[in-house]
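One structure is given below, encoded as structure tokens.
Bear in mind that the values in this text are calculations on the coordinates, not laboratory data. Predicted model only: the values in this text are computed from it and were never measured. Glycine also receives a Cβ, built like all others from the backbone with ideal geometry; neighbour counts cover every protein chain displayed.
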Amino acid sequence: MNLENIVPWGRSFAEYVRMFALTADDLALYILGCGDGPASFNGTLTRQGGRVVSCDPLYRYSAGEIEARIAATRGTILAQLHQLRDRYVWDFFGSPAEVGRVRQAAMAKFLADYVGGREAGRYLAGELPELPFAPRQFDLALCSHLLFLYSAQLSLDFHRAALRELCRVAREVRIFPLVDLAGKPSPYVEPLAAELADLGYAVEFRRVSYEFQRGADTMLRLVARGPA
């Protein structure tokens, strides 16, 4: 992977809270954000006194390189939102222009936090399906807009290995959304949920109070049973 292949598009803290149905108790846990990209979740939660680590291959690059890539791809993303606006629900955001404003603000917060956060070990370069963490290092792992969304690009075996890896490093895992880029339910969700249930994980499909991509209003929650 190189920076030219990356389309950085960071989501806001408020989006994370709604996508993953995060409560005050959840936000007090030690959290892993897997594939966070240039989201503001880490910086905002850290300023609130939370404990969070973000892991993404994007963090191989400097703040300047990431900022330049954001600038180079932002127009294309917004143009696609205009072209495909019927695939989205416009209640959380009122318009594509508002999406651009909110996401740009989130990415600006990320960039302001990134250098210090990387030095503090809160932003680590790494990617699924092999993460640089110890077993059950985290209380909660969050994975937004990667697994299941890219079902056409990432194989069933990749998803299986990625989910098991997330379950290895965290006591609880939440994945959002469960649809692919076309808005169709990912064919991988049901079989992999059944496999993880057979392995002893508690599996829950939970409706959340966030739907931007039409039909994407449910997260997968996986909880380990028993001691570490």
Revision key, fill the gap. Note: Arg168 to Asp25 extended length (0.36 nm per residue) minus current alpha-carbon separation gives 49.3 nm
**Study point:** Two-decimal ratio, the chain, of alpha-carbon radius of gyration to 2.2 N^0.38 Å
**Key:** 0.97
**Study point:** Environment charge at Gly49 (Cβ cut-off 15 Å; Lys +1, Arg +1, Asp -1, Glu -1)
**Key:** 0
Check your understanding: By DSSP, what percent of the beta bridges with both residues in segment 3-223 are antiparallel, rounded to the nearest 5?
Key -> 45
Review point. What net charge is computed for the residues neighbouring Leu146, neighbours being all others with C-beta under 11 Å from the C-beta of Leu146, Lys and Arg scored +1, Asp and Glu -1?
Key: -3
Study note, to complete from the structure: Shape call for segment 110-228, from the Cα gyration tensor axes a ≥ b ≥ c (a/c under 1.5 means rounded, otherwise prolate when a/b beats b/c, else oblate), comes out oblate
**Study point:** Proxy reagent accessibility, fewest Cβ within 10 Å first, across Ile175, Ile77, Ile31, Ile70
**Key:** Ile77, Ile70, Ile31, Ile175
Exercise for review: May I ask you to derive the relative contact order of the chain, considering only C-alpha pairs under 8 Å and at least 6 residues apart, and to give it as an integer percent?
Suggested key: 23
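Please identify the chymotrypsin sites (Phe, Trp or Tyr not before Pro) of segment 43-109 that satisfy two criteria: DSSP loop assignment and at most 10 other Cβ atoms within 10 Å. Which are they?
Here no chymotrypsin sites (Phe, Trp or Tyr not before Pro) fit, given the DSSP loop and packing criteria.
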